[in-house]
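Please read the structure below before turning to the comments.
The values are calculated or read from the model by the stated rules, or taken from the named source; none is laboratory data. Source: prediction; values computed, not measured. Cβ placement follows ideal geometry from the backbone for every residue including glycine, while neighbour counts extend to all protein chains displayed. The area values use the complete protein model at the heavy-atom level, side chains included, leaving out ligands, DNA and RNA. Shrake-Rupley method; radii C 1.70, N 1.55, O 1.52, S 1.80 Å.
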Amino acid sequence: PTACEVVYEYQNLGAVVSSFSPSERGYEGVLSIRADADGVKLYFNQGKNLPDPSKLLKGSSQTRYIDVEGASTLARPEVARLIDEAEGRSHDELHRH
């Protein structure tokens, strides 16, 4: 509830991104939603470190993502666990500093 929503456009990629961040700096975001002509993706900025027993996360960098085919994707228990874990780790990190 205390997250800042930072919305920006990557004009060269034709994408719009909405980042949910503990600050007004989008790159510090915990989660981001990216929409472009190829669809919608949910990005986990620290995805490499998240437990992913269902092997949902794609990508090879620190930031990982899942394809969002609709609202039902976000309601899946394994996706909800990833979101909760990412938010929990961010919350823990903020309170360490």
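Contact map, the range 1-22: residues that are closer than 18 Å to PHE44 by Cβ and open to solvent by 90 Å² or more (accessible area, probe 1.4 Å) paired with residues that are assigned to a strand (DSSP E or B) and at pLDDT below 85, Cβ distance under 9 Å, separation 6+ or inter-chain. Pairs shown: GLU5/SER21. Inspection of the range 68-81 identifies no residue that is outside any loop (DSSP other than H, G, I, E, B) and in contact with a Cys (Cβ under 9 Å, 6 or more places away or on another chain). Within the range 4-15, being in a strand (DSSP E or B) and either farther than 26 Å from ARG89 by Cβ or not hydrophobic (A, V, I, L, M, F, W, C) (or both) holds for GLU5, TYR8, GLU9, TYR10.
Of all residues in the range 69-79, those that are open to solvent by less than 80 Å² (accessible area, probe 1.4 Å), of a type in the set (A, V, I, L, M, F, W, C) and out of contact with any helix residue (DSSP H, G or I) (no Cβ under 7 Å at 6 or more places or on another chain) total 2. Only one of the numbered conditions (1) open to solvent by less than 70 Å² (accessible area, probe 1.4 Å); (2) hydroxyl-bearing (Ser, Thr, Tyr); (3) in a loop (DSSP other than H, G, I, E, B) is not met by SER32, and that is (3).
Selection over the range 18-43 of residues that are closer than 13 Å to TYR65 by Cα and modelled with pLDDT of 90 or more gives a count of 10. Taking the range 35-62 as the range and being open to solvent by less than 50 Å² (accessible area, probe 1.4 Å), within 13 Å of the chain's Cα centre (by Cα) and farther than 13 Å from LEU82 by Cα as the test, the residues that pass are ALA35, LYS41, GLY59. Scanning the range 44-89 for residues that are free of Cβ contacts under 8 Å to residues at least 24 places away in the same chain and charged (D, E, K, R) gives LYS48, LYS55, LYS58, ARG64, ARG76, ARG81, ASP84.
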